[in-house]
Structures are given as structure tokens and as C-alpha cells.
1. From the list 89, 41, pick out the single residue that is at pLDDT 65 or above and within 15 Å of residue 122 (Cβ to Cβ).
2. Out of the residues in the stretch 70-122 meeting the condition of being in a helix (DSSP H, G or I) and free of Cβ contacts under 8 Å to residues at least 40 places away in the same chain, tell me which one is surrounded by the fewest Cβ atoms within 10 Å (Cβ to Cβ).
3. Test residue 14 against the criterion of being assigned to a strand (DSSP E or B) and modelled with pLDDT under 90, and give yes or no.
4. Among the listed residues 70, 63, 54, which satisfies the condition of being modelled with pLDDT of 85 or more, out of contact with any helix residue (DSSP H, G or I) (no Cβ under 6 Å at 6 or more places or on another chain) and under 20 Å from residue 95 (Cβ atoms)?
């Protein structure tokens, strides 16, 4: 049996947009409100985008090549867990809210390493 009783998967008949929003909302809450997230990290991600559904093989270098030419781009990282395994998500940081929003509009739904990525303001 797959999955856990405490965190069931959404049924397949739920529209993908609803699944997307629920996933991004949960992940954003973890980043911004978890007890173990230092305040300086929250501040750093003030104009950040959460990148979701990354291919496990997508590296920080690949993300830098994709996002690096966008106006206002500061940095990007592909997240890994404590064991160094890919988490299939990352963050991109921009200089201000306007450039972050422009990047989100341009990049949300783009294909990187074969996966259609989802973006949300962090």
C-alpha cells in the first residue's frame, strides 16, 4: 500500500490546478513559517519564487542557466535534503517584487529537463 494515512494523495479526479495550488501553498507555508527556518532566510526569500516539480536531475547550474538572463535575477538553488538527495523543488531570488512577478509570468509552466515547472511567490 502506498502513501500514508496522515498525508493521503489527492484523488486523480481533482483538477490539476487545484492540486497545484494546494501543493504550492503547503510548500510555501513550510518555507515561511516552519520553526526551523531562520529569520534571515525568510528575509532573503522576500522576493523569491518557489520552483516546484523539478526533475530530480535538474541541478542548480541548469537553473542558473535558465533563470540567469531574467531581469533582476539574484540567485537560484535546487533544493536537496539532508542526505543530498534532490527534493524536486528550488528557489529563485529576485531584486524586487516587479522583476519577481515578471519572471513568474514568463517561467511558470515552462519545461526544464523534461518537466513542466510550477512557480509561486515564496
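1. 89
2. 105
3. No: the conditions fail for residue 14.
4. Sole residue among the options that is modelled with pLDDT of 85 or more, out of contact with any helix residue (DSSP H, G or I) (no Cβ under 6 Å at 6 or more places or on another chain) and under 20 Å from residue 95 (Cβ atoms): 63.
The values are calculated or read from the model by the stated rules, or taken from the named source; none is laboratory data. Keep in mind that this is a model prediction, so the values were computed, not measured. Backbone-built Cβ (ideal geometry, glycine too); neighbour counts: all protein chains shown.
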